[in-house]
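Heads up, the thing below is written out as structure tokens.
The values are calculated or read from the model by the stated rules, or taken from the named source; none is laboratory data. These numbers come from a predicted model, not from an experiment. Quick reminder, even Gly has a Cβ in these numbers, built from the backbone with ideal geometry, and neighbours come from all protein chains shown. The area values use the complete protein model at the heavy-atom level, side chains included, leaving out ligands, DNA and RNA. Shrake-Rupley method; radii C 1.70, N 1.55, O 1.52, S 1.80 Å.
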Amino acid sequence: MATTQEIAKVSPIGRDTRRVDGPLKVTGRAHYASDFHFPGLLYGVPVEATIANGQVMKLDIAAAEKMPGVRAIFHRDNIGKIFRSVQGVGFEGISDERRPPFEDDIIRYYGQFVALAVADTFEVAKAAADAVLVTYDKKKPNVDTELKADDEPDVVPTTIAPAQRQQSKRGDAEGAFDSAPVKLDQTYVTPTETHNPLELHATTAVWEDSKLTLYESTQSIFNTRSVLAQMFGLPQENVRVVTKFVGSGFGSKLWPWTHCPLAAAAARQLGKPVKIVVSRKMMFQTVGHRPRTQQRVRLGAAADGKLVSLQHDYVFHHAILDDYHEDCGETTAFLYSVPNLRVAFGRARRNVGSPTSMRGPGAVPGLYATESAMNELADQLQIDPVQLRVINEPKMDESLGIPFSSRHLLECLDLGKEKFGWSKRTREVGSMKRDGLTLGWGMAACTWFAARFPAEATVHLRDDGTVRVACGTQDIGTGTYTNLAQIAAEKAGVSLNQVEVELGDTVLPAGPISGGSMATSSVIPAVLSAADNAIGSLLNIATLTPGTPFQTRKREDLGFEGGKIFVKANGPENGVPFADVLRRANIRLASGNGKSATTFGNPKPKFSTHSFGCHFVEVTWHPEIARLRVSRVVSVIDAGRILNPLAGRSQVEGAVVMGLGMAMFEHTHYDHETGAPINSNLADYVVAVNADAPTIEVHFLDFPDKEINELGARGIGEVGLAGIAAAITAAVHHATGVRVRELPIKIEDLLT
Ligand code: MOS
């Protein structure tokens with residue numbers, strides 16, 4: 001064992017650190033939502049509507065009810081009261097689908113739940129659900145992929161807050177475009193995409209009198225608590241949400257969906273725990289998706305490449321009842337310097353389940369469009385695409401008129417060029433070859449916002465020399481357990497394996513959502529302050545403890561370093577381990593709470609806070625057999641200080657692979673007759689897999705952003721997915737001469 005002093009010299013912050021929860025996962029001891037079992041547990045399987053527009057006329061449950069092992073078939077008349085929820089203060093009470101399940105007989109999307117079979121086993125419940133006969137009054141659904149904005153007022157409601165359809169405006173974008181020497185006017189389309197985390201959505205609901213506990217696969221236990229408390233008319237303290245491990249969510253698990261209140265309502269009616277695991281098919285129907293977008297980008301530039309006008313008009317589809325906003329314009333107004341700009345959106349209602357946030361919501365499809373436009377403009381101007389970004393680098397956030405807290409896009413571009421070998425690129429289409437293949441090289445920039453959500457945490461320093469850190473956030477597979485262990489180990493001066501991290505339970509101090517790539521940056525100040533307060537309490541204890549060199553000292557005279565308490569005047573080398581002092585005092589633990597405020601949605605920020613980066617991509621093209629491969633990617637990310645580069649690189653590598661899927665494979669197809677997402681399985685909905693993964697090189701710049709938190713760490717989960725599809729389509733153009741402006745790239749696009 002290393003001594004505490006040796007450990008203190010080797011700070012875990014900024015070091016490659018393996019997952020502290022890794023052994024639990026690889027040995028199968030990590031409990032995911034559907035791994036919780038209780039005596040008398042019953043299984044629920046929802047009945048899915050097989051139309052996308054119309055009304056339920058008759059529900060014949062006679063055969064299903066009679067099946068042995070069936071406990072109940074629930075529907076509108078026997079499920080009991082389920083209330084609507086409404087948004088509270090801040091990130092509370094959020095849901096992208098407000099209608100409680102079974103509220104009326106109207107069907108607005110394919111797969112909408114119309115009944116629920118509950119039985120002793122999953123198999124019986126499934127058979128019973130299949131045996132429910134539903135008669136519909138069927139109308140033709142609208143799942144049209146051509147998106148024309150509905151006629152709507154200038155301000156429209158969205159899930160979070162009302163939004164101006166004209167999101168940003170400066171100068172005279174139309175006039176400047178008309179008189180610009182060089183113009184580009186193109187429309188880019190991104191398809192509906194479906195989140196496919198490994199772990200399916202799942203709820204296990206357990207009632208004890210009027211208290212409800214939910215074992216839920218969610219990215220936000222506290223929001224789930226507030227929504228479900230409202231849906232069952234309960235005080236929040238009567239609802240507990242437990243989420244120990246999540247097999248990822250990609251945004252689909254940010255807010256609760258209808259299976260969750262259904263499990264709770266069925267459990268209430270039957271007086272038994274009920275579990276619902278959403279099937280892979282249902283994952284395409286009732287738990288959100290990234291909506292289809294159609295984005296017109298108009299750029300006006302001077303002959304030297306300086307932008308004079310930028311217009312970004314986008315339309316996306318949304319559900320019949322709800323108002324999820326795919327904010328494709330999120331980055332448009334600040335990424336480049338341009339005096340005349342206008343960003344506006346419209347929406348088109350379709351018979352689809354509500355869309356929701358999917359990794360890098362808004363910015364990812366948005367940057368596909370705007371970065372593609374920049375690449376096309378560069379070719380039009382015969383300017384290197386990297387140089388075009390350099391020419392248009394802003395000095396400040398021109399949309400808000402405030403400085404960036406820390407922006408190092410130019411350094412990203414420099415490093416990316418060097419690591420990729422960009423100087424060897426020859427501009428002409430099809431001019432680069434290797435091993436009989438045509439090479440295409442493309443690039444794009446990326447950005448994602450950075451901020452903090454409110455967070456609270458508790459740190460215990462214990463008499464056996466161990467440390468416990470607790471926070472009601474959750475680890476969605478990204479490494480949050482490890483991050484908290486690192487921070488606590490650093491502050492308490494102990495090794496990582498001396499730290500116990502407790503997450504994923506609403507009995508813990510309120511933690512942030514695991515979303516917006518903000519969990520890490522949000523918990524840092526809370527954990528640091530909790531640790532400081534625990535140390536403060538420890539020093540108090542020391543001044544009261546006989547037999548220590550600290551009794552009768554004033555607290556201010558004492559210091560703490562490397563896990564030891566010392567008299568400042570005598571220096572840290574004469575320190576006493578905190579465990580020794582606690583044992584002598586007969587105190588099990590010194591405790592401290594910490595809290596940090598949100599910076600998200602600040603109406604008057606002093607700084608514009610974002611992560612930045614760029615991707616350089618190589619594709620190989622084999623024209624004789626129309627084979628396109630992404631062969632090499634270099635990504636450079638400026639995300640402030642990186643707490644755990646090992647986990648950080650894996651975040652960006654995963655994002656690059658997902659970006660490859662976005663560019664080349666992912667596409668949810670709705671059948672025009674039935675309105676069903678017809679490729680609702682992992683065979684027909686193609687995601688990028690290991691065999692598709694190119695050589696990926698990830699580099700982080702290291703510019704701590706002290707506006708975000710003491711450690712200067714911004715988020716890294718989402719920025720890596722932004723821009724990658726535009727870099728790939730640019731590389732495809734460089735290899736083949738074909739501009740793909742509608743994702744995903746299809747073989748037939750390239751057969752010219
Ligand atoms: Mo992410 S789409 O904020 O989970």
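Quick one: if you stick a label point 7 Å off each Cα along the C-beta vector at Asp150 and Glu103, how many nm between them?
Going from the Asp150 label point to the Glu103 one covers 1.5 nm.
May I ask you to evaluate 6.51 cos²θ - 1.76 cosθ + 1.60, the Karplus curve with θ = phi - 60°, for each residue of region 67-77 and list the ³J(HN,Hα) values in order in whole Hz, giving x for glycine and proline?
With the stated coefficients, region 67-77 comes to 5, x, x, 7, 9, 5, 10, 8, 7, 3, 8 Hz.
If you add up the charges near Ala676, with Lys and Arg at +1 and Asp and Glu at -1, over every other residue whose beta carbon is less than 10 angstrom from its beta carbon, what do you get?
Neighbour charge sum, excluding Ala676 itself: -2.
Can you work out D for region 702-752 in µm² s⁻¹ from Stokes-Einstein, where Rh is the Kirkwood radius over C-alpha pairs, the temperature is 4 °C and the viscosity is 1.567 mPa s?
Translational D for this selection: 95 µm²/s.
Percent relative contact order of region 652-752, based on C-alpha pairs within less than 8 angstrom and at least six residues apart?
Answer for region 652-752 is 37 percent.
Just going by the charge dipole of region 384-452, with Lys and Arg at +1 and Asp and Glu at -1 on Cβ, which of Leu410, Met396, Phe420 is farthest out on the positive end?
Phe420
Can you give the Rg/Rh ratio of region 520-568, where Rg is from the C-alpha atoms and Rh is the Kirkwood radius?
1.09
Can you tell me the length gained on complete extension of the stretch Glu174 to Thr187, counting 0.36 nm per residue apart and subtracting the Cα distance?
3.0 nm
Would you mind counting up the charge near Ser252? Only other residues with Cβ under 10 Å from its Cβ, with Lys and Arg at +1 and Asp and Glu at -1.
Summing Lys and Arg as +1 and Asp and Glu as -1 gives +2.
Can you compute the modelled spin-label distance between Lys281 and His37, with each label point 7 Å from Cα toward Cβ, in nm?
Placing both labels 7 Å beyond Cα along the Cβ direction yields 2.7 nm.
Putting +1 on Lys and Arg Cβ atoms and -1 on Asp and Glu Cβ atoms, find which of Gln230, Val297, Val45 reaches farthest to the positive end of the dipole of the chain.
Gln230
From zero outward in steps of 10 Å, how is the percent of C-alpha pairs of region 651-752 spread across the bins?
13, 34, 30, 16, 7, 1
Applying 1/(1 + (r/R0)^6) with R0 = 60 Å to the Cβ-Cβ distance of Lys706 and His672, what FRET efficiency is obtained, to the nearest 0.05?
So the FRET efficiency works out to roughly 0.65.
Output the peptides 130-139, 273-282 sorted from most to least packed, where packing is the average of other Cβ atoms within 10 Å over each peptide's residues.
The densest-packed peptide leads the list: 273-282, 130-139.
Take peptides 458-464, 581-587, 518-524 and line them up by average Cβ neighbours within 10 Å, highest first, as a rough protection proxy.
Put in order of decreasing packing, that is 518-524, 458-464, 581-587.
Counting only other residues whose beta carbon sits under 13 Å from that of Arg99, what net charge do I get with K and R as +1, D and E as -1?
Neighbourhood net charge equals -3.
Consider a paramagnetic label point 7 Å from the Cα of Thr752 along Cα→Cβ; state which residues of region 149-186 have an amide N under 18 Å from it.
185-186
What part of the accessible area of region 1-156, given as a whole %, is carbon or sulfur when the probe is 1.4 angstrom?
Carbon and sulfur together cover 54 percent of it.
Take every Cα pair under 8 Å in the chain that's 6+ residues apart, average their separations, divide by the length, and report that relative contact order as a whole percent.
17 percent
Can you give me the Rg/Rh ratio for region 195-282, using Cα atoms for both radii and the Kirkwood formula for Rh?
The Rg/Rh ratio comes out at 0.95.
Under 16 Å from a point placed 7 Å out from the Cα of Glu393 along the Cα-to-Cβ direction: which residues of region 291-327 have their backbone N that close?
Zone members listed by number: 306-307.
Students often get this wrong, so check it: of Lys66/Lys138; Lys169/Lys706; Lys66/Lys253, which have C-alpha atoms separated by over 32 Å?
Lys66/Lys253
Could you work out the percent of alpha carbon pairs in region 449-604 separated by over 18 Å, rounded to a whole number?
Percent of Cα pairs beyond 18 Å in region 449-604: 57.
Subtract the Cα-Cα distance of Arg76 and Glu418 from 0.36 nm times their separation in residues, and report this length gain in nm to one decimal.
Extra length available between Arg76 and Glu418 comes to 116.8 nm.
Divide, for the chain, the radius of gyration over alpha carbons by 2.2 N^0.38 Å, where N is the residue count.
1.01
Let me spell out the model: positive unit charges on the Cβ of Lys and Arg, negative unit charges on the Cβ of Asp and Glu, origin at the Cα centre of region 516-589. What dipole size does that give, in debye rounded to 20?
So the magnitude is around 240 debye.
For region 47-97, with only Lys/Arg (+1) and Asp/Glu (-1) charged at the beta-carbon, what is the dipole magnitude about the Cα centre, in debye rounded to 20?
260 debye
Which order, highest average first, do 555-568, 30-43 follow once you tally other Cβ atoms within 10 Å for each residue and take the mean per peptide?
555-568, 30-43
If one computes the Cα centroid of region 285-300 and of region 669-702, what distance in Å separates the two points?
16 Å
Using θ = phi - 60° and the Karplus curve 6.51 cos²θ - 1.76 cosθ + 1.60, what whole-Hz ³J(HN,Hα) does each residue of region 294-310 get, with Gly and Pro shown as x?
These are the phi-based 3J(HN,Hα) values: 9, 10, 9, 10, 10, 10, x, 9, 7, 4, 7, x, 6, 5, 10, 8, 9 Hz.
If you stretched the chain out fully between Arg84 and Arg583, how much longer would it get, using 0.36 nm times the residue separation minus the C-alpha to C-alpha distance?
174.4 nm
How long is region 110-181 along each principal axis, judged by its Cα atoms, biggest number first, in Å?
Here the Cα extents, ordered largest to smallest, are 70, 28, 25 Å.
Towards the positive end of the charge dipole of the chain, with charges on Cβ (+1 Lys, Arg; -1 Asp, Glu), say which of Ala590, Thr213, Gln382 has the farthest Cα.
Ala590
Please get the size of the charge dipole for the chain, origin at its Cα centre, with Cβ charges of +1 on Lys and Arg and -1 on Asp and Glu, quoted in debye to the nearest 20.
For this selection, approximately 1100 debye.
If Asp77, Asp638, Asp151 are ordered by their accessible area, calculated over protein heavy atoms with a 1.4 Å probe, which sequence runs from highest to lowest?
Putting Asp77, Asp638, Asp151 in descending order of accessible area: Asp151, Asp77, Asp638.
Assuming a viscosity of 0.890 mPa s and a temperature of 25 °C, what translational diffusion coefficient in µm² per second does Stokes-Einstein assign to region 45-167, Rh being the Kirkwood radius over Cα pairs?
145 µm²/s
Taking only the alpha carbons of region 583-701, what extent do you get along each of the three principal axes, in Å, biggest first?
Principal axes ranked by extent give 77, 43, 41 Å for the Cα atoms.
How large is the accessible surface per residue of region 171-271, computed with a 1.4 Å probe and reported in Å² as a whole number?
Heavy-atom SASA per residue in region 171-271 reads 29 Å².
I'd like the FRET efficiency for Asn540 and Val10, computed as 1/(1 + (r/R0)^6) with the beta carbon distance as r and R0 of 25 Å, rounded to 0.05.
The formula returns an efficiency of 0.30 here.
If each of Leu24 and Ala63 carries a label point 7 Å out from its Cα toward its Cβ, how far apart are those two points in nm?
4.5 nm
Any chance you could list P(r) for region 361-487, counting all Cα-Cα pairs in 10 angstrom bins from zero, rounded to whole %?
In whole percents, the pair-distance histogram is 9, 26, 25, 19, 14, 7, 2.
May I ask you to list the residues of region 283-305 whose amide nitrogen lies under 19 Å from a point 7 Å from Cα along the Cα→beta-carbon direction of Val738?
From region 283-305, the list is empty.
If R0 is 60 Å, what FRET efficiency do you get for Leu321 and Glu556 from their C-beta distance, rounded to 0.05?
Rounded to the nearest 0.05, the efficiency is 0.50.
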